[in-house]
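Nothing in this text is a laboratory measurement; each read-out follows from the coordinates by a stated rule. In this text, all values refer to a predicted model and were calculated from it rather than measured experimentally. FYI the Cβ positions are ideal-geometry reconstructions off the backbone, even for glycines, and counts take in every protein chain you see.
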């Protein structure tokens, strides 16, 4: 069976109906994510269906992954309706506000809540004050993380985690000017086009150099892919593993890496690097899988020996971002 966007939207409608019947606390369900953008949802023939479920009471599980078949799964986000109050406050929220502005598909709405909330959140969403607030949400976070790297000088895994967090926030500080924040699978693939909309031509190449080097070739990517997947598989029995690393999500990441490795190696590397580093935090430090991650980081010069220069380069990139935000605010006020 050929999986198409129309088929997936039909599945989304069917699943929303089932979820609403099963859980009477749900008052609204809407579709967000890449599926709204047509074929962009598919990488390596695999995608997910992102549904937001709004409940009339606090939720116990903020996220669920439900397998549909080998190519598709549901990614359910659960929120209490209080999270959306007041709706105008969502104008500065890059995630919830951004997805509401993006044009989500309303699948179920028990109290006609959706239209009012979306209209309130989207009104003035792109005015200068709200846009700057969303940009500074990320740039301030990146700068605070950079400062922590400088002041506290963490070592090992913690240092790498913080550094990658700062990189993610740095890029999203600019991406936010043209849409919702970038997400893992399409992060580097979509970054150049998003940056081109605001005309900061020097950013993308400099950003990639903050996590990649000349060692990123076909042979290394193939080796790292196998080691990364072995670490991913090791989480099957780990009760502390986050829901995004359940076995159902393996092909979601794996197929994206496979299709990107040839023409977009930096995009493939970003997926491996960010997810493997999160996984490494759950691995026994004395076992082979963790040592393989350490070797991977060492080759990329993201270990303690190479990190000093990387952090200095990140400072320069953040200066560029902060200058752009200040100038954009001045020009649009």
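Which percentage, to the nearest 5, of the DSSP beta bridges contained in the chain is antiparallel? Don't skip to the end; give the middle numbers.
Values: 16 of 25 bridges.
Approximately 65 percent, going by the DSSP bridge assignments.
For the stretch 155-214, the relative contact order comes to 26 percent (Cα pairs under 8 Å, sequence separation of at least 6). Work out the P(r) tail for the stretch 192-333: percent of alpha carbon pairs separated by more than 22 Å, whole number. Here the tail beyond 22 Å accounts for 49 percent of pairs. Counting every pair of alpha carbons in the stretch 38-87, the share spaced more than 17 Å apart comes to 46 percent.
Beta bridges per DSSP, both residues in the stretch 5-122: antiparallel share near 65 percent.
Exposure proxy shown here: for 68, 307, the number of other Cβ atoms within 10 Å sets the order, fewest to most, as 68, 307.
Ordered by the number of other Cβ atoms lying within 10 Å of each residue's own Cβ, fewest first, 29, 297, 9 fall into the sequence 9, 297, 29.
What number, in percent, do you get for the relative contact order of the stretch 109-244 if the mean sequence gap of Cα pairs under 8 Å and at least 6 apart is divided by its residue count? Numbers along the way, then the final one.
Working: 63 pairs, mean separation 22.7, N = 136.
Averaging sequence separation for qualifying contacts and normalising by length gives 17 percent for the stretch 109-244.
A helix-only calculation puts the chain at -17500 deg cm²/dmol for mean residue ellipticity at 222 nm, using -39500 (n - 2.57) for each DSSP H run of at least four residues, averaged over all residues.
Just subtract the alpha-carbon distance of residue 92 and residue 148 from 0.36 nm times their residue separation and send over the number in nm, one decimal. Walk me through the numbers before you get to the answer.
On the way: separation 56, 0.36 × 56 = 20.16 nm, distance 2.50 nm.
Here the segment from residue 92 to residue 148 would lengthen by 17.7 nm.
Could you put 292, 330 in order, starting from the residue whose Cβ has the fewest other Cβ atoms within 10 Å? Can you show the working numbers first?
Numbers: 292 20, 330 9.
Arranged by neighbour count, lowest to highest, 292, 330 become 330, 292.
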